[in-house]
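The values are calculated or read from the model by the stated rules, or taken from the named source; none is laboratory data. These numbers were taken from a predicted model, which means no experiment stands behind them. FYI the Cβ positions are ideal-geometry reconstructions off the backbone, even for glycines, and counts take in every protein chain you see.
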Amino acid sequence: MSEIQPSELLQEIEKLGQIGGWAYHPASHILSWTDQVYSVFELPQTCPIDPEFIFSFFKGNSGKIFKSAFDECHQNRVPFRLKLPIHTFTRKMKWIQIQGRPIIRNNVCIRIQGAIQDISEQMQLTREREIYNYLSYELFSVFNSDCCWVQASQNWKESIGIEPTVLIGQEIWSHVVEEDRERLRKALFKLRAKSPLWNFETRLKTAQGNSKWFSWNISFDADNHYYYATCRNVDDLIQKQKNLEQNLDRSLDKIRAQDEFLSLVSHELRTPLVPILGYCQLLKDDMSDPETIASLEEIESAGRSLEKLIQELLELSQVRHGKPVLRLSQFSLFDLLNNLISRNLKAFHQKALSFNIHENDVLEEIKHVSLINDAKRIQKILERFISNALRFTDRGGALLKVTHAVEAGWYRVTVVDSGNGISAYDRDKIFAAFHQTEKPDTKRHSGLGIGLSIVKQLANHIDARIGFESHIDEGSEFWVEFESIKQDA
């Protein structure tokens, strides 16, 4: 049996409908179809086709249904449209939609013409949706204009202990906790009049006599006068949220108490420290004995160290609770960096360390432009980085480097040192308050470990970014990135 080429009509069906077209000619018992049908059945183009061969792809009850519909169409001129599973030529299971209608001439069926489409994906999605509706925490409901249940998904049983069939015909009000009814009633009628979608939370009574919180999403179909709603049991979430809020309030109270204590202690420590340092200076001026002067200088040095620690505590308290208001000003980043060098160079030289600026194209660029940002906070951040570089570097020195960040209009300033580096254990905590990289029993450097915590707070105040890279015994690089508008100098 030779294969008939697809007609222009079948090609047009395939082109416009994106489905395969087919035709059966009862007189010649010949079946023809378009290329799309070959694809659906996964047949090679050279494969001869006839009705009996096609019937073999429909297994079991599907074959009987299709054969019966096909014969009914041929003999009694009844069109058909079916969704059936098939096994393709490669033994793959698919779902298809196939339809056919008789073409009558002179009261004789001269042709059955139809179309076929692979609907496997749609059937899979339908099946998944059915499974989802069965297993999902989302409860589906349809209410009529009187707010009575018309449909209710099966999982209402698990949520409030009432069968969906029992809910049908009942008003939603009868299941809402009395205190929430009027609020819900007003909201539903408002939704019906104006809003296309509404989200709310309310408590529903359960079969056990208690109540649970549910979060609803609901819309009103004005054409059909139906409310379509999904909701979810959020009773546990609301309770957890309340617990979290209570814990947060307690934590904030503790933090406030700690800060008030730090501020009070700092001021109380500073009060006696001021006269101690003052009398040390007066005694030094009146003394001529070198040993006595040396002792007074040690007392003064210790007092200055204590004063610095007190100042750090005060500054930490201030940046924690200070208003993060940007104090924008026009400034020269080139001058700011040079001032940092000149102010800290002596301290580095006292430890036989170098301290300078890295020469590059960006440094040349900032010589000729002014930037707009919070210059004081940027300076404080860099001072903290420089202070740490000086404290933890015993050989080599430190370097200030300015580069462009990834984003246009952003600058990165990096403080590079050749110090001890930071261990992997300490890296996650480096910006935490009171964290120190040295153990108490091996500590060689003074400080409370709050400098980088202050840096983090300052960076948040100006929407800047901070970060670092470090390798043990090779040094560290701490950087700050900030956005700035350039102005010609």
Please determine whether any residue of region 337-349 is at pLDDT below 90 and of a type in the set (A, V, I, L, M, F, W, C). no
Can you name the residue in region 264-295 that is among the hydrophobic types (A, V, I, L, M, F, W, C) and closer than 15 Å to L306 by Cα and, of all such residues, is modelled with the highest pLDDT? C280
Tally, over region 313-331, of residues that are of a type in the set (D, E) and modelled with pLDDT of 65 or more: 0
What are the residues in region 408-419 that are out of contact with any Lys or Arg (no Cβ under 7 Å at 6 or more places or on another chain), of a type outside the set (A, V, I, L, M, F, W, C) and outside any strand (DSSP E or B), if any? G409, G419
Region 324-407: strands (runs of 3 or more DSSP E) wholly inside it with 2 or more residues that are of a type in the set (G, A, S) are 397-404
In the set G419, G451, G475, the lone residue that is modelled with pLDDT under 80, buried (at least 17 other Cβ atoms within 10 Å of the Cβ) and among the small types (G, A, S) is G451
Selection status of I110, touching a residue at least 60 places away in the same chain (Cβ under 8 Å), loosely packed, with under 15 Cβ neighbours inside 10 Å and assigned to a strand (DSSP E or B): yes
Return the residue satisfying two criteria in turn: it lies in region 234-263 and is closer than 22 Å to S211 by Cα and aliphatic (A, V, I, L, M), and of such residues it is modelled with the highest pLDDT. V234
Looking at L191, is it out of contact with any Ser or Thr (no Cβ under 9 Å at 6 or more places or on another chain) and among the hydrophobic types (A, V, I, L, M, F, W, C)? no
Here are some residues: E364, E407, E359. Which one is touching a residue at least 40 places away in the same chain (Cβ under 8 Å), of a type in the set (D, E, K, R) and either within 21 Å of S453 (Cα to Cα) or assigned by TED's automatic domain parsing to the domain that holds R465 (or both)? E407
Confirm whether I386 is under 18 Å from F334 (Cα atoms), within 32 Å of the chain's Cα centre (by Cα) and modelled with pLDDT of 85 or more. no
Which of the residues belonging to region 464-486 are among the hydrophobic types (A, V, I, L, M, F, W, C) and part of a strand (DSSP E or B)? I466, F468, F478, W479, V480, F482, I485
Heads up, the strands (runs of 3 or more DSSP E) in region 139-225 (entirely inside) with at least 1 residues that are under 20 Å from I238 (Cβ atoms) are 139-144, 197-205, 211-221
Test for T437: is it surrounded by 13 or more Cβ atoms within 10 Å (Cβ to Cβ), of a type in the set (S, T, N, Q) and at pLDDT 80 or above: no
Which numbered condition H87 fails, given (1) within 15 Å of L31 (Cβ to Cβ); (2) surrounded by 14 or more Cβ atoms within 10 Å (Cβ to Cβ): (1)
Confirm whether W216 is in contact (Cβ under 8 Å) with a residue 24 or more places away in the chain, of a type outside the set (A, V, I, L, M) and surrounded by 15 or more Cβ atoms within 10 Å (Cβ to Cβ). no
Taking Q122 as the residue in question, decide whether it is among the polar types (S, T, N, Q), surrounded by fewer than 19 Cβ atoms within 10 Å (Cβ to Cβ) and at pLDDT 90 or above. no
